[in-house]
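Accompanying notes for the structure given below.
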Amino acid sequence: MKEYWDNPYKFDPERFGPKRAEHKRHGYSWVPFSGGAHMCIGLHFANMQIKLVLAEMLKNYRWQVPDGYEMPVQQSPISKPRDDLPVTLIRRSLD
Ligand code: HEM
């Protein structure tokens, strides 16, 4: 794992930034949209939607998971949390 990701278990979104681009080290390191010939053709559209929705959600809500929560991951057929993802959204004050 360390040959593909620096400090692989650390939550570190900067690893995807243009400076480090760790997800480009190998064609199958980062596979939420699969890889190879049948990689999702909606990938760029989906990424734009995700960024727009997340920007609004982060602006308007604080997100909280229970103390010490560790997300169990299901990898197939699509990468997602194996539980119901116990996130509580707390509305930010509007002033
Ligand atoms: C978060 C959103 C999305 C995720 C996580 C996702 C994920 C995936 C994955 C994992 C595959 C590969 C399936 C396989 O290996 O057989 C795939 C294929 C595909 N996706 Fe998406 N997708 C998303 C959004 C979209 C959107 C918005 C479109 C169309 C506008 C789309 C169209 C397709 C098509 C047509 C394929 C088949 C590609 C092929 O077999 O050559 N997807 N998607």
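The values are calculated or read from the model by the stated rules, or taken from the named source; none is laboratory data. What you see is a predicted model; the values in this text were computed from it and never measured. Positions of Cβ are generated from backbone atoms using ideal geometry, with glycine treated the same way; all protein chains shown enter the neighbour counts.
Annotations for the structure displayed:
- Against the criterion of being among the hydroxyl-bearing types (S, T, Y), modelled with pLDDT under 95 and farther than 20 Å from K80 by Cβ, Y4 qualifies.
- Of all residues in segment 8-51, those satisfying the criterion of being within 16 Å of the ligand (Cβ to nearest atom), in a helix (DSSP H, G or I) and within 14 Å of the chain's Cα centre (by Cα) are F16, H23, L43, A46, N47, M48, Q49, I50, K51.
- A55 vs. criteria under 15 Å from the mean Cα position of the chain (by Cα), within 10 Å of the ligand (Cβ to nearest atom) and at pLDDT 95 or above: no
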